[in-house]
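Data block below; observations after.
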Amino acid sequence: MQEELAARDYVRTGTGFGAALREVWRLLKQGIEFSTLSEPKLQNEMRALAAPHMPVLVHKRTKVGATTGPIEDEQWYGELGDFVSRMLWPYLQESPALNGRSKNCVAELLDEIVAAEQRRVCERAMADIMPRTSRFDTSWAM
């Protein structure tokens, strides 16, 4: 009985098979490009080019992530696309590491790089907050 009620609620909320089909159709119309993390050459080149701007990119991604929603996602990917177009693409366009990838693929790869840096910064901040303790008294070693 509970499963039947749950199934009815599932269909009524608009999620389910129909919503999945609409999402698949949208992806087929737009086209899908998968970024591959197996290209260390392109990643290294992008990290080197984006390194001076990484604190700003991490800050903007954190700021947008604090208020989640489709408008904010579009805002972040818009800013990321502008950054790729203005700052990275002139240098990457002639690079053999690009290997025919589009700006959208480069933007997705840059988002993954910024997300990894954001996690690293967060982990470092948490490590500073957490007290460091030891089972042994190490005060004599200092």
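Scanning for something surrounded by 12 or more Cβ atoms within 10 Å (Cβ to Cβ), modelled with pLDDT under 70, in a loop (DSSP other than H, G, I, E, B) and out of contact with any strand residue (DSSP E or B) (no Cβ under 9 Å at 6 or more places or on another chain), does the range 61-68 turn up at least one residue?
Quick first cut of the range 61-68, residues surrounded by 12 or more Cβ atoms within 10 Å (Cβ to Cβ) only: 61-65.
Adding the requirement that they be modelled with pLDDT under 70 leaves none.
Looking for residues that are surrounded by 12 or more Cβ atoms within 10 Å (Cβ to Cβ), modelled with pLDDT under 70, in a loop (DSSP other than H, G, I, E, B) and out of contact with any strand residue (DSSP E or B) (no Cβ under 9 Å at 6 or more places or on another chain), one finds none in the range 61-68, hence no.
For Asp111, state whether it is surrounded by 12 or more Cβ atoms within 10 Å (Cβ to Cβ) and either modelled with pLDDT under 80 or on the phi > 0 side of the Ramachandran plot (or both). If you could, list the steps in order and put the result at the bottom.
Working: surrounded by 12 or more Cβ atoms within 10 Å (Cβ to Cβ): yes; either modelled with pLDDT under 80 or on the phi > 0 side of the Ramachandran plot (or both): no.
No: the conditions fail for Asp111.
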Here's a check for you: in the range 69-88, which residue that is more than 19 Å from Val106 (Cβ to Cβ) and out of contact with any helix residue (DSSP H, G or I) (no Cβ under 9 Å at 6 or more places or on another chain) is modelled with the lowest pLDDT?
Ile71
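The values are calculated or read from the model by the stated rules, or taken from the named source; none is laboratory data. Nothing here was measured: the structure is a model prediction, and the numbers come from that model. So basically every Cβ, Gly included, is an ideal-geometry build from the backbone, and we count neighbours across all protein chains shown.
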